[in-house]
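The values are calculated or read from the model by the stated rules, or taken from the named source; none is laboratory data. The structure displayed is predicted, hence computed values, not measured ones. In this analysis, Cβ positions are derived from the backbone assuming ideal geometry, glycine residues included, and neighbour counts consider all displayed protein chains. Surface accessibility is based on the protein's heavy atoms, side chains included, excluding ligands, DNA and RNA. Shrake-Rupley method; radii C 1.70, N 1.55, O 1.52, S 1.80 Å.
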Amino acid sequence: MDYNIAVIPGDGIGPEIVREACKVMDQVGKVFGHQFQYTEVLMGGCSIDAHGVPLTDEALETARNSDSVLLGAVGGNVGNSRWYDVAPNLRPEAGLLAIRKGLNLFANIRPAYLYKELMDACPLKREIIGEGFDMVIMRELTGGLYFGARHTEEVDGVMTAVDTLTYNENEIRRIAVKAFDIAMKRKKHVTSVDKANVLDSSRLWRKVVEEVAKDYPEVTLSHMLVDNCAMQLVMNPGQFDVILTENMFGDILSDEASMITGSIGMLSSASMNESKFGMYEPSHGSAPDIAGQDIANPIATILSAAMMLRYSFDLDAEADAMEAAVQQVLTEGFHTGDIYSEGCEKVGCSKMGDLIAERIRK
Ligand code: IPM
Ligand code: MG
């Protein structure tokens, strides 16, 4: 089959990690007989440099007309980059929010899995790690605080900023359905995370999630307050299967979950709409401080590409092969700097891509 993929390298380490993901996909194409065609799209700081805006209408159209989107990362150093001397809606991250909204990518799936080989890179004590953990964070991605009306103005001589957090029941229901669907393919446990002891939006969230749960009698649903969840993640991460939560809570908790996997450089993600269309990107940022040095970890991006094959193209065997190749490289002891521990061989970004590509088997 031929697949037409819009590739958005972005800024910072984006281009180097995306290059490795394409390298591995090309190898998958060779081994399994597929053709992956890439159309490069500018987004973020590089688009600001070229077009004055972080995402052009043409770029959005190219992404929309593709079979799926692979994204590296966008953004630079806030405070010391010309990209941030402009209105917030013209900064690199605004491009990311715009493409998520423009393509209706409301369901952000972020798996956090601890590879046995990375136990030494995990900051938790052994007794807390136990048998390890394997969870998926289902983050709502196009609503809530990040998309509500906002403004800053002087009120009675005092500078005042307002952000609004809105969810309607339909937005909650569709993400809850995604979470329960994925739980059915896993350990059948959904932990819905909210702040229902304070927020109206969370109380509606809880009510709608409970309604959806009625359609999934096999799935156990529990509710957890977000502050407690932040604590539970570092106290007993093994208890989680699927964490379902709203946009900002998911943003924060997924960074926390990624860190306990050993490195944020390991955490892949998929952002999906109602159908099988998705944008696949590592959960980490553009890491401008290490860009261009060939030391970034490309695994999160490679695992994101594997998610693309699985969720958008239904190529399960191919996705399995990519994940197995990652596993094998780690087992053989090749680690990038962020997951390095004694006794391993430290490799750079492009070498890591080579090693994984070489291990793609049918
Ligand atoms: C992420 C990032 C983005 C987000 C930023 C860059 C807008 O932190 O994908 O988690 O908050 O969604
Ligand atoms: Mg984030």
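Descriptive notes on the structure:
- Scanning segment 282-304 for residues that are away from ligand 2 (no atom under 15 Å from the Cβ), among the hydrophobic types (A, V, I, L, M, F, W, C) and more than 19 Å from Val242 (Cβ to Cβ) yields Ile290, Ala291, Ile295, Ala296, Ile299, Ile302.
- Ile243 vs. criteria within 26 Å of Gly79 (Cβ to Cβ), within 16 Å of ligand 2 (Cβ to nearest atom), modelled with pLDDT of 95 or more and among the β-branched types (Val, Ile, Thr): no
- Annotation: Thr152 fulfils all but one of (1) more than 21 Å from the chain's Cα centre (by Cα); (2) part of a loop (DSSP other than H, G, I, E, B); (3) of a type outside the set (Asp, Glu); the unmet one is (2).
- Taken residue by residue, segment 53-65 has at least one member that is in contact with a strand residue (DSSP E or B) (Cβ under 6 Å, 6 or more places away or on another chain), within 22 Å of Leu141 (Cα to Cα) and either modelled with pLDDT of 95 or more or of a type in the set (Lys, Arg) (or both).
Yes/no per residue for (1) open to solvent by 20 Å² or more (accessible area, probe 1.4 Å); (2) hydrophobic (A, V, I, L, M, F, W, C); (3) within 18 Å of Phe106 (Cα to Cα):
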residue: Val162; (1), (2), (3): yes, yes, no
residue: Thr191; (1), (2), (3): no, no, no
residue: Ser202; (1), (2), (3): no, no, yes
residue: Tyr216; (1), (2), (3): yes, no, no
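- For Thr166, the conditions (1) in contact with a Cys (Cβ under 9 Å, 6 or more places away or on another chain); (2) more than 16 Å from ligand 1 (Cβ to nearest atom); (3) of a type in the set (Ser, Thr, Tyr); (4) closer than 30 Å to Pro88 by Cα are fulfilled apart from (1).
- Scan segment 317-362 for residues that are open to solvent by less than 60 Å² (accessible area, probe 1.4 Å) and part of a loop (DSSP other than H, G, I, E, B) and the total you get is 8.
- Across segment 65-89, the number of residues qualifying as more than 19 Å from the chain's Cα centre (by Cα) and open to solvent by 60 Å² or more (accessible area, probe 1.4 Å) comes to 9.
- Residues of segment 281-316 that are within 16 Å of ligand 1 (Cβ to nearest atom) and part of a loop (DSSP other than H, G, I, E, B): Glu281, Pro282, Ser283, His284, Gly285, Ser286, Ala287, Ala291.
- Among the residues of segment 238-255, those identified as over 15 Å from Thr142 (Cβ atoms) and open to solvent by 10 Å² or more (accessible area, probe 1.4 Å) are Gly238, Gln239, Ile252, Asp255.
- From the list Met279, Met235, Met224, the lone residue that is open to solvent by less than 30 Å² (accessible area, probe 1.4 Å) and more than 16 Å from ligand 2 (Cβ to nearest atom) is Met224.
- Members of segment 287-316 found to be among the small types (Gly, Ala, Ser) and open to solvent by less than 10 Å² (accessible area, probe 1.4 Å), listed by number: Ala296, Ala300, Ser304, Ala305, Ala306
- Lys187 fulfils the conditions (1) under 25 Å from Asn273 (Cα atoms); (2) touching a residue at least 24 places away in the same chain (Cβ under 8 Å); (3) open to solvent by less than 20 Å² (accessible area, probe 1.4 Å) except for a single criterion, (3).
- Residues (within 10 Å of ligand 1 (Cβ to nearest atom), under 30 Å from Phe334 (Cα atoms) and either touching a His at 6+ places or on another chain (Cβ under 6 Å) or not β-branched (Val, Ile, Thr) (or both)) located in segment 236-263: Asp251, Ser254, Asp255, Ser258
- Complete set of residues in segment 75-99 that are within 30 Å of Asn273 (Cα to Cα), assigned to a helix (DSSP H, G or I) and more than 10 Å from ligand 1 (Cβ to nearest atom): Trp83, Tyr84, Pro88, Asn89, Leu90, Ala98, Ile99
- Any hit, segment 98-115, residues being open to solvent by 50 Å² or more (accessible area, probe 1.4 Å), of a type in the set (A, V, I, L, M) and over 30 Å from Val234 (Cα atoms): no
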